[in-house]
Amino acid sequence: MQIAVAGAGLAGVFAAKTLADAGHEPILIDKGRSAGGRMATRRIGQGKADHGAQFFTVRTRTFQQEVDRWLEQGLIKKWFGDDHPRYMVPEGMNMLVKRMASAFDLHLEERIVRMEADAGGVVLAADSGSIFPADAAIVTFPPPQTAELLHRSAIPGTEEAVEELEALTFRPAIVGLQPLKQHLLIGSNGILDRDLPDGIEKMIAADQKGISTEPILSVYMTGEWSKHYFEESDEVTARAIKNALAAWNTVSTEEIQVKRWRYSEAEQTHSGAWMQAETLPLYFAGDAFLHEDDTSGKTRVESAVLSGIAAAEAVLKQHR
Ligand SMILES: Cc1cc2nc3c(=O)[nH]c(=O)nc-3n(C[C@H](O)[C@H](O)[C@H](O)COP(=O)(O)OP(=O)(O)OC[C@H]3O[C@@H](n4cnc5c(N)ncnc54)[C@H](O)[C@@H]3O)c2cc1C
């Protein structure tokens, strides 16, 4: 059976791993130049900084098993905290996903623009002209993007799924990356998330965190601030971040790089770790689909992992 997993973020790679562990050879497709999605790390000069997820916490036994394996392999480290410790990836968060994705038949720079139902299966079509026929597909894009794709594809019988996916709305986030001339110590672990200037939610010093030899500050703007500046130019947004940072006297000759996440965190989540489009072999997963064991109620690294695993298990059960 050919199974396609669309989206090579955490939900996608964990869906692919679950299918591969059961003896399948899934194909993994992403529009990006590399796997990772919101597990994102950028190189700037000789340094690097995370600009999506910064850490993860664990609340379920399933995820704890994965985390224990990663700890054993030296892929992750405890960053700080005793009650629900925060874990980080010394090579950058993106590497964790990239490493996993490389084990599969990975197709990058393939943006899925249409889906069709065909002979009991589904066909995913990319803007490059590539066609991916499959007996079943798991789509792990942020739900507003999946809803738009499904709506545009107009597959008969998917109207209800479109409506359910449309209800899962997301808020945006803007992150500024500021290379610094000298090391700057912030807090005892390289992260500050309180008593910050207006508009700033948290700041992380990549060098102090331990992922970069060069000093780079990741500046996470608040939801309201991000909404306000989302459609502004990079120039205007970078200047506004610089102004907000003025109190910190972060001397740098380089410009602040701006990263915009249109779909950062879900405002509305789905109760249940996956969804299916009526009677089609088309499944939806991702961080907005909350597993019943996940008590956090929020879209996080763990919710994406649990959703990917659960969607793949559902496919395996229904398509023996
Ligand atoms: C700024 C920010 C900070 C965060 N901080 C934390 C944190 O500290 N701790 C934490 O636990 N979580 C955090 N998160 C949340 C965490 O990063 C996500 O919950 C998780 O990475 C989502 O994984 P996913 O696989 O569900 O989605 P994604 O990672 O978004 O993966 C979806 C993939 O689908 C691909 N895709 C989309 N459309 C198409 C298309 N048409 N064709 C092909 N491919 C497509 C994308 O390129 C992407 O790779 C943060 C997120 C953001 C944005």
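Just a few scattered comments:
- Identity of the residue in the stretch 97-110, open to solvent by 30 Å² or more (accessible area, probe 1.4 Å) and farther than 27 Å from Gln54 by Cβ, that ends up nearest to the ligand (Cβ to nearest atom): His107
- Of the residues in the stretch 110-122, not one is within 18 Å of Thr269 (Cα to Cα) and either at pLDDT 95 or above or of a type in the set (Gly, Ala, Ser) (or both).
- Hits in the stretch 268-320 - residues which are open to solvent by 50 Å² or more (accessible area, probe 1.4 Å), at pLDDT 95 or above and over 17 Å from Val162 (Cβ atoms): Thr269, Glu313, Lys317
- Subset of the stretch 19-62 (residues that are more than 9 Å from the ligand (Cβ to nearest atom), within 22 Å of Phe284 (Cβ to Cβ) and touching a Gly at 6+ places or on another chain (Cβ under 7 Å)): Leu28
- Lone qualifier among Arg114, Arg152 - being in contact with a helix residue (DSSP H, G or I) (Cβ under 6 Å, 6 or more places away or on another chain), surrounded by fewer than 19 Cβ atoms within 10 Å (Cβ to Cβ) and not hydrophobic (A, V, I, L, M, F, W, C): Arg114
- Pair list, Cβ under 6 Å, 6 or more apart: the stretch 299-320 residue in a loop (DSSP other than H, G, I, E, B), other residue buried (at least 19 other Cβ atoms within 10 Å of the Cβ): Thr299/Ala266; Thr299/Asp287; Thr299/Ala288; His319/Ala136
- Filtered by the rule that a residue be open to solvent by 10 Å² or more (accessible area, probe 1.4 Å), farther than 29 Å from Thr269 by Cα and touching an Asp or Glu at 6+ places or on another chain (Cβ under 9 Å), the stretch 182-208 gives His183, Leu184, Gly187, Asp207.
- Of the listed requirements (1) open to solvent by 50 Å² or more (accessible area, probe 1.4 Å); (2) acidic (Asp, Glu); (3) modelled with pLDDT of 95 or more, Glu255 misses just one: (3).
- The sole residue among Met115, Met93 that is within 16 Å of the ligand (Cβ to nearest atom) and within 20 Å of the chain's Cα centre (by Cα) is Met93.
- Screening Ile200, Ile191 for residues that are among the hydrophobic types (A, V, I, L, M, F, W, C) and under 22 Å from Tyr87 (Cα atoms) leaves exactly one candidate, Ile191.
- Residues that are under 19 Å from Gln65 (Cα atoms), touching a residue at least 40 places away in the same chain (Cβ under 8 Å) and surrounded by fewer than 24 Cβ atoms within 10 Å (Cβ to Cβ), drawn from the stretch 6-27: Lys17, Thr18, Ala20, Ala22
- No other residue among Ile138, Ile131, Ile155 is in contact with a strand residue (DSSP E or B) (Cβ under 8 Å, 6 or more places away or on another chain), modelled with pLDDT under 95 and farther than 30 Å from Gly45 by Cα apart from Ile155.
- Considering (1) free of Cβ contacts under 8 Å to residues at least 60 places away in the same chain; (2) small (Gly, Ala, Ser); (3) closer than 20 Å to Gly7 by Cα; (4) part of a loop (DSSP other than H, G, I, E, B), the lone condition that Gly286 does not fulfil carries the number (1).
- Index of the failed condition, Ala247 passing every other in (1) open to solvent by 70 Å² or more (accessible area, probe 1.4 Å); (2) within 14 Å of the ligand (Cβ to nearest atom); (3) of a type in the set (A, V, I, L, M, F, W, C): (2)
The values are calculated or read from the model by the stated rules, or taken from the named source; none is laboratory data. This is a predicted model, so every value here is computed, not measured. All Cβ positions, even for glycine, are placed from backbone atoms using ideal geometry, and neighbour counts span all protein chains on display. We work out accessible area using only protein heavy atoms, side chains counted, and drop any ligands, DNA or RNA first. Shrake-Rupley method; radii C 1.70, N 1.55, O 1.52, S 1.80 Å.
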